[in-house]
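**Student:** Please see the structure below; I have some questions.
The values are calculated or read from the model by the stated rules, or taken from the named source; none is laboratory data. Owing to the predicted nature of the structure, the values given are computational and were not obtained by experimental measurement. When we count neighbours, we look across all protein chains shown, and the Cβ atoms used for this are built from the backbone with ideal geometry, even at glycine. Quick note on the areas: whole protein, heavy atoms, side chains included, nothing else; ligands and nucleic acids left out. Shrake-Rupley method; radii C 1.70, N 1.55, O 1.52, S 1.80 Å.
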Amino acid sequence: MTKSTASKTLAAVVKSSSAAAPSASYDLVAQADALKSHMQEFYLNPEAWTTLPTVATAPSWKKVRYDVSSKSKIPAEPGLYIFVLEPISSSFPLPPHGYLLYIGKTGGDQSKSTLRHRFGEYLKEENDPKGRPAIVYMLRKWKDALHFHFTPISDKSIIGKMEDELIHGMKPPFNRQYVNIDLRQTMQAAFR
């Protein structure tokens, strides 16, 4: 959805909700369907966030917009990354916030992949008919507001464990593969 389409949809909902009675042109079903098309389930459990990994050095997160022009700004190093949906700039200033959608890793164990390379793979997957459906949906649905947060991690031996612990604590809606079999089954039962 483009920024202008989202603004028009929101403007129509605000306009229709501010009237004392629905106008003759008000279509409840169309308005409800428009709102539902933007709904997403999230797991919000602050207690689970306390299980996030303890690390000797706090990760230094950086972010770029998910856009082909951002690829050169991402280091060719191993690390962790997170896709976050963030508000598109508007004339009304909001505090910094976003919705964590997906957590991933690159370069763990014996892999030679880098954060820049992985970013490029997402750019290709976005238009790949054989791409992972949930990921393609995420990349296309919120392209204008999607950000790629990343942190290089030099110790490849801890990247996989950190990713698993982050996924376990945050349970992002677009992660589909969980190492922990109990968590995988629980998430499938709860959200599928």
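**Student:** For a quick protection proxy, order the peptides 119-132, 33-46 by their average other-Cβ count within 10 Å, most packed first. Don't jump to the answer; show the numbers that get you there.
**Tutor:** Working: 119-132: 13.4, 33-46: 10.4.
Result, highest mean Cβ count within 10 Å first: 119-132, 33-46.
**Student:** What full-extension length gain, to one decimal in nm, is calculated for SER70 and ARG176 as 0.36 nm per residue of separation minus the Cα-Cα distance? Numbers along the way, then the final one.
**Tutor:** Details: separation 106, 0.36 × 106 = 38.16 nm, distance 2.58 nm.
Between SER70 and ARG176, full extension yields an extra 35.6 nm.
**Student:** Here's another thing I want to ask about it. For a quick check of understanding: with a 1.4 angstrom probe and all protein chains in place, what accessible area in square angstrom does TYR137 have, to the nearest ten?
**Tutor:** 100 Å²
**Student:** To continue, here is another question. Which of the residue pairs LYS36/LYS73; LYS62/LYS124; LYS73/LYS161; LYS36/LYS71 have a Cα-Cα distance greater than 28 Å in the structure shown?
**Tutor:** LYS36/LYS73; LYS36/LYS71, as the Cα separations exceed 28 Å there.
**Student:** What does the accessible area of ARG65 come to, in Å² to the nearest 10, when a probe of 1.4 Å is used?
**Tutor:** ARG65 has an accessible surface of roughly 110 Å² with all protein chains in place.
**Student:** Using a basic spin-label model with each label point 7 Å from the Cα along Cα→Cβ, how many nm lie between LEU94 and HIS117?
**Tutor:** Here the modelled spin labels are 3.6 nm apart.
**Student:** Another question, if that's okay. Given labels modelled 7 Å from the Cα in the Cβ direction, how far is it in nm from PHE42 to ALA30?
**Tutor:** According to this spin-label approximation, the distance is 3.0 nm.
**Student:** Quick one: compute a quarter of the convex hull surface over the Cα atoms of the stretch 44-187 and quote it in nm². Walk me through the numbers before you get to the answer.
**Tutor:** Values: hull surface 39.2 nm².
Computing the convex hull of the Cα atoms and averaging its projections yields 9.8 nm².
**Student:** At a probe radius of 1.4 Å, what is the per-residue accessible area of THR106, in Å² to the nearest 10?
**Tutor:** 10 Å²
**Student:** Once you put a point 7 Å from the Cα of GLN188 and another 7 Å from the Cα of LYS124, both along the Cβ direction, what distance in nm separates them?
**Tutor:** Taking the two extended label points, one gets 2.9 nm.
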